[in-house]
Amino acid sequence: MTFKQKYGNTALVAGASEGMGAAYAHALAERGLNLVLIARRKEPLEATAEALNAKYGVKVQTVPCDLSSPDALQQIETAIGDKQIDFLVYNAALSYIGPYLATELTTHQNIASVNMLSPMALVYYFGGKMVERGKGGVVLMSSIAGLQGAGFLATYAATKAFNKVFAEGLWYEWKNRGVDIIACCAGATATPNYINTNPGKASPLEPKAQQPEQVVEECLRKLGKKPSFISGRGNRLVTFLMQHLFSRKQATNMMGDGMRKMYRIKD
Ligand SMILES: NC(=O)c1ccc[n+]([C@@H]2O[C@H](COP(=O)([O-])OP(=O)(O)OC[C@H]3O[C@@H](n4cnc5c(N)ncnc54)[C@H](OP(=O)(O)O)[C@@H]3O)[C@@H](O)[C@H]2O)c1
């Protein structure tokens with residue numbers, strides 16, 4: 001059975017114009033799925049849509065929308081009408097690097113909206129319809145930063161922990177309902193967003209950043225086989241050591257020290 005036969009004809013990618021989101025859109029278009037693509041900025045979104053249409057001949061609808069707004073789901077519903085969504089990727093995320101108290105509370109609340117409340121709403125609505133039909137697939141982007149506390153990235157890391165645990169719970173509920181769901185715990189990945197944070201090296205053992213396409217292909221291979229996974233051998237090894245060789249306290253200290261070094265933070 002092909003990917004398209006298994007999951008259906010149309011995928012929605014939330015956070016789709018560049019980096020990992022664009023890589024998901026390419027991978028799904030290559031498998032023959034039509035697309036609905038969401039991001040805030042109209043121009044890069046339309047450029048991605050045109051490139052996909054030209055390369056794969058699939059239909060692509062763009063929906064400019066800020067996923068931090070409380071009515072993001074309603075905006076998307078209005079834009080797509082009764083179009084059936086068979087596959088959902090929630091890729092968009094907001095992050096803030098620095099001491100928790102050095103920014104406004106609203107920054108943290110926006111991170112919670114983009115990274116937790118909107119995925120919850122989109123999964124409820126589109127995932128709910130998939131369960132009714134007994135067919136579909138959902139990918140939620142998580143991060144290895146969410147596997148323990150991360151000083152100077154506290155809110156973002158906690159939202160990534162939410163996505164992992166959320167997907168795992170729904171995986172159990174939906175495993176016999178025809179809908180596959182997976183949390184993809186990525187490590188450093190060379191997307192424009194990540195490169196723009198200008199990261200230094202946290203430790204000599206730090207794995208090399210992966211390419212977005214590597215993460216996406218591994219995720220689509222593992223979908224349906226696991227509730228969550230860590231992308232890339234290097235990230236799996238580092239995670240194994242952090243979880244089995246060190247105490248939770250040591251791992252949390254190492255993570256905070258690594259962040260301080262990587263982002264040259266003086267607090
Ligand atoms: N890159 C890494 O190293 C890394 C590591 C671990 C996990 N992850 C996870 O992987 C995912 C992708 O991360 P990334 O930073 O590398 O991003 P990305 O895939 O390069 O792209 C982010 C996409 O989301 C859109 N977006 C961002 N905020 C949005 C909002 N409020 N509303 C609608 N669209 C929005 C952006 O377009 P606009 O700016 O035009 O809105 C862009 O298309 C995230 O879930 C992240 O937590 C990334």
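The values are calculated or read from the model by the stated rules, or taken from the named source; none is laboratory data. Since the structure is predicted, the reported quantities are computational estimates derived from the model, not experimental observations. Cβ: placed from backbone, ideal geometry, glycine included. Neighbour counts: every protein chain shown.
A few notes on this one:
- Subset of the range 1-47 [more than 9 Å from the ligand (Cβ to nearest atom), aliphatic (A, V, I, L, M) and either out of contact with any helix residue (DSSP H, G or I) (no Cβ under 9 Å at 6 or more places or on another chain) or in a helix (DSSP H, G or I) (or both)]: M1, A25, A27, L28, A29, A47
- Qualifying residue in the range 154-167 (condition: over 21 Å from M242 (Cα atoms) and either in a helix (DSSP H, G or I) or at pLDDT 95 or above (or both)): yes
- Residue satisfying condition, being over 18 Å from G137 (Cα atoms) and surrounded by fewer than 16 Cβ atoms within 10 Å (Cβ to Cβ), within set A54, A49: A54
- Of all residues in the range 183-206, those satisfying the criterion of being modelled with pLDDT under 90, under 14 Å from G234 (Cα atoms) and surrounded by 10 or more Cβ atoms within 10 Å (Cβ to Cβ) are S203, L205, E206.
- Yes/no for I111 being farther than 30 Å from M262 by Cβ and outside any loop (DSSP other than H, G, I, E, B): no
- When we screen G32, G19, G15 for residues that are within 24 Å of K129 (Cα to Cα), surrounded by fewer than 23 Cβ atoms within 10 Å (Cβ to Cβ) and among the small types (G, A, S), the only hit is G32.
- Taken over the range 127-137, the criterion of being assigned to a helix (DSSP H, G or I) and closer than 20 Å to R31 by Cα is satisfied by M130 alone.
- So L205, is it more than 18 Å from A11 (Cβ to Cβ), more than 13 Å from the chain's Cα centre (by Cα), within 11 Å of the ligand (Cβ to nearest atom) and not β-branched (V, I, T): no
- Within the span defined as the range 162-178, one or more residues are surrounded by fewer than 17 Cβ atoms within 10 Å (Cβ to Cβ), within 16 Å of K226 (Cβ to Cβ), more than 18 Å from the chain's Cα centre (by Cα) and of a type in the set (D, E).
- Qualifying residues in the range 66-90 (those that are within 20 Å of the chain's Cα centre (by Cα) and within 21 Å of A29 (Cα to Cα)) - the one surrounded by the fewest Cβ atoms within 10 Å (Cβ to Cβ): I85
- Taking first residues from the range 186-200 that are in contact (Cβ under 8 Å) with a residue 24 or more places away in the chain and more than 19 Å from E218 (Cβ to Cβ) and partners that are near the ligand (Cβ under 6 Å from one of its atoms) and of a type outside the set (A, V, I, L, M, F, W, C), the Cβ contacts under 8 Å between residues at least 6 apart in sequence or on separate chains come to P192/E18; P192/G19; N193/E18; N193/G19.
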